[in-house]
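Structure, as structure tokens:
The values are calculated or read from the model by the stated rules, or taken from the named source; none is laboratory data. In this text, all values refer to a predicted model and were calculated from it rather than measured experimentally. Please note: Cβ atoms are built from the backbone with ideal geometry, for glycine as well, and neighbour counts cover all protein chains shown. Side chains are part of the model used for accessible areas, which takes the heavy atoms of the whole protein and leaves out ligands, DNA and RNA. Shrake-Rupley method; radii C 1.70, N 1.55, O 1.52, S 1.80 Å.
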Amino acid sequence: MPAMLLRDPEHGDAPMDRRDFLGLLTRAFLWLSGAAGLVGLVRFLSYDPEPTIIGRYTLEPPAAYPPDSITPISEARAILVRDQVGFFARSLVCPHLGCVVEKGDGGYQCPCHGSRFGEVGELISGPAKRSLDSIWLGLDEAGRLVVDVRLDVPREWRLIL
Ligand code: FES
């Protein structure tokens with residue numbers, strides 16, 4: 001086999017043999033793999049979480065929400081769910097790293113790292129490790145529903161009327 005035309009800078013003008021060429025190829029592959037991994041890491045970390053919404057939001061009276069309904073509460077980045085048992089609210093802030101999930105087919109998807117949630121916020125696939133968080137829900141003096149995103153509540157917090 002004729003000598004390759006590549007020149008090895010470590011050995012002056014001597015032609016590069018097959019072993020050196022394969023070594024060079026391996027190093028180039030490792031550098032490219034590292035660069036690709038770094039790009040992936042930067043993309044993973046460059047998510048764009050929305051600023052946290054802190055507050056209390058007054059909604060309509062319970063009768064305004066039909067049974068088996070899901071109502072977006074955009075100002076609170078949440079949904080209000082009324083099922084056959086009662087009411088509950090779930091945050092639309094992804095429990096992974098804080099991006100706001102988007103409505104999609106059959107539920108919600110996080111635009112940052114791809115976590116998927118069902119219609120009422122149950123976890124379908126990660127990287128998130130849990131379902132969408134529950135939000136405190138109660139009634140004010142006038143009998144209207146109120147959600148308060150400041151209060152921690154148990155996962156199954158539910159208002160039964
Ligand atoms: S913020 Fe990472 S999956 Fe939602």
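Taking amide hydrogens as modeled 1.01 Å from N in the peptide plane, which residues meet the under 5 Å criterion relative to Ser69, leaving out close sequence neighbours?
Residues meeting the amide H criterion: Arg82.
Among 55-67, 97-109, what's the highest-first ranking by average C-beta atoms within 10 angstrom per residue?
Details: 55-67: 12.8, 97-109: 15.5.
The densest-packed peptide leads the list: 97-109, 55-67.
Report the calculated FRET efficiency for Glu60 and Val120 (r = Cβ-Cβ distance, R0 = 22 Å), to the nearest 0.05.
Details: r = 19 Å, r/R0 = 0.88.
Calculated value: 0.70.
Rounded to whole Hz and in sequence order, give me ³J(HN,Hα) for region 129-139 from the Karplus expression 6.51 cos²θ - 1.76 cosθ + 1.60, θ = phi - 60°, writing x for Gly and Pro.
9, 8, 5, 4, 5, 6, 10, 4, 9, x, 10
Given the convex hull over the Cα atoms of region 56-148, what projected area results after averaging over all orientations, in nm²? Before the final figure, lay out each step's value.
Values: hull surface 23.2 nm².
So the mean shadow area of the Cα hull is 5.8 nm².
Share of region 56-148's accessible area from carbon and sulfur, percent, 1.4 Å? Let's see the in-between values first.
Working: 2170 of 4310 Å².
Accessible surface attributable to carbon and sulfur in region 56-148 totals 50 percent.
Let me check against my output: what whole-number percent is the relative contact order of region 56-148, with C-alpha pairs under 8 Å and at least 6 apart? Please report the intermediate quantities before stating the final value.
Details: 190 pairs, mean separation 24.9, N = 93.
Value for region 56-148: 27 percent.
Taking R0 as 30 Å, what's the FRET efficiency between Arg150 and Asp105 from their Cβ-Cβ distance, rounded to 0.05? Mind dumping the intermediate values first?
Values: r = 32 Å, r/R0 = 1.07.
Here the calculated transfer efficiency is 0.40.
Under 13 Å from the Cβ of Trp136, count the other residues' Cβ atoms, weight Lys and Arg +1, Asp and Glu -1, and hand me the total. Walk me through the numbers before you get to the answer.
Details: positive: Arg56, Arg90, Arg150, Arg155, Arg158; negative: Asp133, Asp140, Asp148, Asp152, Glu156.
With Lys, Arg at +1 and Asp, Glu at -1, the net is 0.
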